[in-house]
Structures are given as C-alpha cells and as structure tokens.
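A short write-up of the structure that comes next.
The values are calculated or read from the model by the stated rules, or taken from the named source; none is laboratory data. Note that the structure is predicted; figures quoted are calculated from it, not measured. Cβ placement follows ideal geometry from the backbone for every residue including glycine, while neighbour counts extend to all protein chains displayed. Note: areas computed on protein heavy atoms with side chains; ligands, DNA, RNA excluded. Shrake-Rupley method; radii C 1.70, N 1.55, O 1.52, S 1.80 Å.
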Amino acid sequence: MNISLIFKIAAVGILVSVLSQVLKHAGREEQAFLTSLAGLILVLLWIIPYIAELFDTIRGLFAL
Amino acid sequence: MIKVALLGLAAVFLALPFKSSKPEYGTGISLAACVLILFLGVNKLEVIVASLGKIQAYLSFSEAYIQLLLKIVGITYVAELASELCRDAGYGTVANQVEMVGKLTILTMSMPVLLSLLDTIHEFLA
C-alpha cells in the first residue's frame, strides 16, 4: 500500500518496451508481442487486488 | 496533504514517457495512483461520516435520508472515478455510458424520497 507499486509498474513498463524493441529488431515479432502481453498481465495482477480493496472500502464507508 | 500531492506528481511524471509508446502502462500507473491517493484520503472521509451521524442525532428527521445521501455520494465517487479513467485512456463514449448509468442509479434511489414528498403535499392539499 505504498508508492513502490507505482515504481514497480513503471519499471515493468520500461523493461518491456526495451525488450520488445530489441526483439523487434532481432526479427522476433511474436516474442516481442508475447513479452509485452506478459508485462501487461503482470501489471494487471498487481493492480486488481488494490482495486478490489478500494471498492470494498467504498462499499463499507458509504453503506452501499 | 503534501504526501498526496507528491504521490500524484510522481505518478504523472512516471506515466508520461509511456504515453506514446505503451499507453496501457500509463493507464495502469494512473489507476494505481488513484487507488493509493484514495486510501490516503479514506481516514478523512471516515471522520466526516462519523460527524454526519452525530449531526443527524440532533436533527429530528429519519435515519434513511442520511443513509441515502451517503449512498448517493458513494455512487457518484465510483462512477466519477471509472468514467474519468476511461476518458484518460481516450474512450469518451465508455466514460459517458458509465456516467449515464451512475445518474440512473442515483435517480432510481431517490425516487422514494420524491414520492414521500408528493404524499406529504397531497395530504396538505386534500
């Protein structure tokens, strides 16, 4: 629940974009696409528990 | 408050390089920043809700209206967060749909209050 989440997402984003550039220039289009897909799924896996917790807090707070 | 401001600025500056090459990470970073900022603001919100309960104790009208008011505020917040995030990602239509359904839910929830108002007026006139 701290700012390291944002830094982790940024790090994954930079790493994936560099990797996909390298793979693209090496002629491996599919691997580049798979790498960016894997990075995206990883980031989503990190964010989704926080979103669930956010909506639970709102429901509890406003008695929705 | 300083923490919230710094958190927002840090998230924006981290998300900016991703705007052109990889927009999904930019949206991910802004979503994470929104969630963190809200968690920083939640304890302030609890104080407001608690004091609202105390205020309600002084006034005589029923508990239902305060509950309804809080529900409407909650629904507005959730709808606003979702629709602004969709608009940030560039999908204005989806954002409008989310807002539309938010308004509809609020309208349906406030119908009983309207009916009770009309009933009271009807009693006065009849």
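Based on protein heavy atoms only, chain A ends up with 61 Å² per residue of surface accessible to a 1.4 Å probe. Relative to the longest principal axis of the Cα atoms of chain B, helix B:63-88 runs at roughly 20 degrees. Put the Cα centre of chain A next to the Cα centre of region B:63-125 and the gap is 32 Å.
Of the accessible area of the protein assembly as shown, with the probe set at 1.4 angstrom, what percent is carbon plus sulfur? Looking at the protein assembly as shown in its full context, I get 74 percent from C and S. Computed about its Cα centre, the charge dipole of the protein assembly as shown is approximately 580 debye, with only Lys, Arg, Asp and Glu carrying charge at their Cβ. Excluding ligands, DNA and RNA and using a 1.4 Å probe, chains B and A jointly bury around 2600 Å² of accessible surface, summed across both partners. Note on B:Glu84/B:Leu118: beta-carbon distance plugged into 1/(1 + (r/R0)^6) with R0 of 30 Å gives a FRET efficiency of 0.30.
In nm, to one decimal, how far is the modelled label at B:Ser20 from the one at A:Glu29, with both set 7 Å along Cα→Cβ? Simple spin-label model gives 2.3 nm for this pair. For region B:61-126, the residue among B:Ala89, B:Met111, B:Tyr65 whose Cα projects farthest onto the positive side of the dipole built from Cβ charges is B:Ala89.
When a/c reaches 1.5 or more, the comparison of a/b and b/c decides; with that in mind, is the protein assembly as shown rounded, prolate or oblate per its Cα gyration tensor?
Working: a/c = 3.83, a/b = 2.28, b/c = 1.68.
Prolate.
The C-alpha atoms of region B:61-126 occupy a region whose extents along the principal axes are 54, 22, 10 Å, arranged from largest to smallest.
Normalised size of chain A, defined as Cα radius of gyration per 2.2 N^0.38 Å with N residues, equals 1.54.
Karplus couplings for region B:110-117 from phi (6.51 cos²θ - 1.76 cosθ + 1.60, θ = phi - 60°), rounded to Hz, Gly and Pro as x? Each residue of region B:110-117 in turn: 8, 4, x, 5, 4, 5, 5, 4 Hz.
Applying the Karplus relation 6.51 cos²θ - 1.76 cosθ + 1.60 with θ = phi - 60° to region A:58-64 yields 3J(HN,Hα) values of 5, 4, x, 5, 9, 6, 6 Hz, where x marks Gly and Pro.
Charged neighbours of A:Leu40, selected by a Cβ distance under 9 Å, balance to 0 (K, R count +1; D, E count -1).
Lysine pair count for the protein assembly as shown (Cα-Cα distance under 20 Å; residues 8 or more apart in sequence or on different chains): 10.
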